[in-house]
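Asker: Handing you this structure, nothing more for now.
The values are calculated or read from the model by the stated rules, or taken from the named source; none is laboratory data. The structure presented is a predicted model; accordingly, all values stated were derived computationally and were not measured. Please note: Cβ atoms are built from the backbone with ideal geometry, for glycine as well, and neighbour counts cover all protein chains shown.
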Amino acid sequence: MFIGSKTILREKNPADAWDDYAWETDPELAALDASQALSISYSRYLSDYTYELHHPTATSHRFAIDTLDGKHIGNCGYYNLDKTRGETEVGIMIGNRDYWNKGYGTDAVTTLVNYIFRQMNLNRIYLKTLDWNSRAQRSFQKCGFTPYGRLTKDGHNFVLMEIYRSQWQKQQNKAIKLREQIP
């Protein structure tokens, strides 16, 4: 469990399945992820979900995002982990619309980035976001990510963003200095 200022990142569990199913079958949320909404039954989804929980991969890890009072509001994680290159890709989805535009996504990504750089020997974290999703881009920039390119894939245009360990460390040092100045 990793605690941010607004969110807690925790291990996924079977109790998350219903929320995840509702979010993954929502066309608006799927569009934000440049994908199609799932159209399988809940029982089939739950079977696949349970299998994935019991058979994790070495190159990815998903976390539930909870509020500080324990409400499950979304998911985030890393994937395409490449230890040789020292990098991984991250993604996030705040499925509960009541928590949009209130800093929960930014806090969850910041908490995830802190976890990755503190616990894993990686040098770079990257992501892609739809070019029209300016809300997500602003949030990622608040977390320290900077744009570095563009990508067109499957008819979608993406902005590519990244943060290096050195950038993150500068942010950490700056935050420490600011806290030291507070009486």
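Asker: Let me confirm something: among Gly4, Gly91, which residue is modelled with pLDDT of 95 or more, surrounded by 13 or more Cβ atoms within 10 Å (Cβ to Cβ) and of a type in the set (Gly, Ala, Ser)?
Answerer: Of the residues listed, the single one that is modelled with pLDDT of 95 or more, surrounded by 13 or more Cβ atoms within 10 Å (Cβ to Cβ) and of a type in the set (Gly, Ala, Ser) is Gly91.
Asker: Okay, next question. Would you confirm whether any residue within segment 138-154 is among the β-branched types (Val, Ile, Thr), under 30 Å from Pro27 (Cβ atoms) and more than 12 Å from the chain's Cα centre (by Cα)?
Answerer: Within segment 138-154, one or more residues are among the β-branched types (Val, Ile, Thr), under 30 Å from Pro27 (Cβ atoms) and more than 12 Å from the chain's Cα centre (by Cα).
Asker: Restricting to segment 17-39, give me the number of residues that are farther than 17 Å from Trp100 by Cα, outside any helix (DSSP H, G or I) and not small (Gly, Ala, Ser).
Answerer: 3
Asker: Checking the structure you have, find out if any residue of segment 94-115 is small (Gly, Ala, Ser) and touching an Asp or Glu at 6+ places or on another chain (Cβ under 8 Å).
Answerer: yes
Asker: Across segment 60-79, which residue is surrounded by the most Cβ atoms within 10 Å (Cβ to Cβ) among those that are assigned to a loop (DSSP other than H, G, I, E, B) and touching a residue at least 40 places away in the same chain (Cβ under 8 Å)?
Answerer: Leu68
Asker: Cβ-Cβ distance below 9 Å, separation of 6 or more or different chains: which pairs start in segment 8-27 with a residue that is touching a residue at least 24 places away in the same chain (Cβ under 8 Å) and end on one that is surrounded by 15 or more Cβ atoms within 10 Å (Cβ to Cβ) and acidic (Asp, Glu)?
Answerer: Matching pairs, first to second residue: Ile8/Asp66; Leu9/Asp66; Arg10/Asp66; Lys12/Asp20.
Asker: Suppose we keep only residues that are of a type in the set (S, T, N, Q) and in a loop (DSSP other than H, G, I, E, B) within segment 48-59. Which one would you say is nearest to Ala17 (Cα to Cα)?
Answerer: Thr57
Asker: Could we say that Thr106 is at pLDDT 95 or above, polar (S, T, N, Q) and touching a Ser or Thr at 6+ places or on another chain (Cβ under 9 Å) here?
Answerer: yes
Asker: Would you mind stating whether Tyr45 is assigned to a helix (DSSP H, G or I), in contact with a Ser or Thr (Cβ under 9 Å, 6 or more places away or on another chain), of a type outside the set (D, E, K, R) and surrounded by 12 or more Cβ atoms within 10 Å (Cβ to Cβ)?
Answerer: So Tyr45 passes the test.
Asker: Residues that are in contact (Cβ under 8 Å) with a residue 60 or more places away in the chain: which helices (runs of 4 or more DSSP H) entirely in segment 80-183 hold 2 or more of them?
Answerer: Because the criterion is at least 2 residues that are in contact (Cβ under 8 Å) with a residue 60 or more places away in the chain, the helices (runs of 4 or more DSSP H) in segment 80-183 that meet it are 104-119.
Asker: Taking segment 1-44, which residues are out of contact with any strand residue (DSSP E or B) (no Cβ under 9 Å at 6 or more places or on another chain), of a type in the set (Ser, Thr, Tyr) and under 25 Å from Lys128 (Cβ atoms)?
Answerer: Matches in segment 1-44: Tyr21, Thr25, Ser35, Ser39.
Asker: Given Arg85, Arg150, Arg124, Arg135, which one is more than 24 Å from Tyr21 (Cβ to Cβ) and at pLDDT below 95?
Answerer: Every option except Arg135 fails the conditions.
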